[in-house]
Amino acid sequence: MTEAPPAVPPPRPGRWQTATLVEVRPETATAKTFRLALPEPSPHLAGQHYVVRLTAPDGYTASRSYSVASPPDGSAEIELTVERLPDGEVSSFLHDVAAPGDSLEIRGPIGGWFVWRGDTPALLIGGGSGVVPLMAMLRLARGMGRPDLVRLIVSARSQAELYYAGELPGPETAIVYTRRPPPGWTRPPGRLNRADLAGSMEKDSVAYVCGSAGFADSATDLLIDAGFPTPDIRVERFGPT
């Protein structure tokens, strides 16, 4: 894939600012969504991320980037969905310690390549926590009354590990369970394959692939093998740092 600057410059990340944690809600056994109130509106694009920084009393800092799950709506609130990693300094603090009313240092929005402005058809392919920035795109499309612009294919190991389970299903989405599908699910469990992409590759669409390195590479290979134009594939890989 070749990277090119977007036609319209994305919002600049700006300086570090202090946000207030407003709400915490579970998505799965290992993932939670954190709603943050910013000091002032900070417009973002679907697909961008923020950096969260923690500072210890002795001055030690740890920071981690998290994709925005909420759509661009002009408000002064954003939502970050965070997976708790066993050795993740920031994710463990957010899951185990942070509570509504707490203050968090954040910087963003960041990113100008893996973004969707809601003006072109988009094929969204996410694995596990990689669905987070794609959910912002889906929510944007639905909020505009144009769900026909997107096709979202999500890969999850089981229903219990599916992010946004109550909101994600719809005629513009498809779920691929790789290990334990729910009772009565017609597709056999297994990895994403070419058949799952059938009918999803519209002319002039851009593909957004997000997930672990292995998932992203596999999904990208499927798109290329199916004839999707390589310059129109945008990839973001998730993983521990």
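The values are calculated or read from the model by the stated rules, or taken from the named source; none is laboratory data. Since the model is a prediction, treat every value here as computed from it, not as a measurement. Note that we place each Cβ from the backbone using ideal geometry, even for glycine, and neighbour counts take in every protein chain shown.
Quick look at the numbers
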{"quantity": "Selection count, the stretch 103-119, where residues are in a loop (DSSP other than H, G, I, E, B) and either of a type in the set (F, W, Y) or buried (at least 23 other Cβ atoms within 10 Å of the Cβ) (or both)", "calculated": "2"}
{"quantity": "Hits in the stretch 55-77 (condition: acidic (D, E) and free of Cβ contacts under 8 Å to residues at least 40 places away in the same chain)", "calculated": "D58"}
{"quantity": "Residues within the stretch 216-226 that are under 22 Å from L85 (Cβ atoms) and in contact with a Phe, Trp or Tyr (Cβ under 9 Å, 6 or more places away or on another chain), tallied", "calculated": "1"}
{"quantity": "Breaking point among (1) free of Cβ contacts under 8 Å to residues at least 12 places away in the same chain; (2) of a type in the set (A, V, I, L, M, F, W, C); (3) surrounded by 19 or more Cβ atoms within 10 Å (Cβ to Cβ), for W185", "calculated": "(3)"}
{"quantity": "Single unsatisfied condition, G145 versus (1) under 27 Å from I175 (Cβ atoms); (2) surrounded by fewer than 24 Cβ atoms within 10 Å (Cβ to Cβ); (3) not assigned by TED's automatic domain parsing to the domain that holds G199", "calculated": "(3)"}
{"quantity": "Residue among A99, A122 that is small (G, A, S), in contact (Cβ under 8 Å) with a residue 60 or more places away in the chain and surrounded by 20 or more Cβ atoms within 10 Å (Cβ to Cβ)", "calculated": "A122"}
{"quantity": "Criterion: assigned by TED's automatic domain parsing to the domain that holds H44 and more than 13 Å from the chain's Cα centre (by Cα) - qualifying residue of S158, S103", "calculated": "S103"}
{"quantity": "Subset of the stretch 83-98 [touching a strand residue (DSSP E or B) at 6+ places or on another chain (Cβ under 8 Å), β-branched (V, I, T) and over 18 Å from V68 (Cα atoms)]", "calculated": "none"}
{"quantity": "Residues satisfying the stated conditions in the stretch 71-99, i.e. at pLDDT 95 or above and closer than 30 Å to M144 by Cβ", "calculated": "P71, E77, I78, E79, L80, T81, V82, E83"}
{"quantity": "Of the criteria (1) within 30 Å of P189 (Cβ to Cβ); (2) assigned to a loop (DSSP other than H, G, I, E, B); (3) of a type in the set (G, A, S), which one G130 fails", "calculated": "(2)"}
{"quantity": "T186 being more than 19 Å from the chain's Cα centre (by Cα) and β-branched (V, I, T)", "calculated": "yes"}
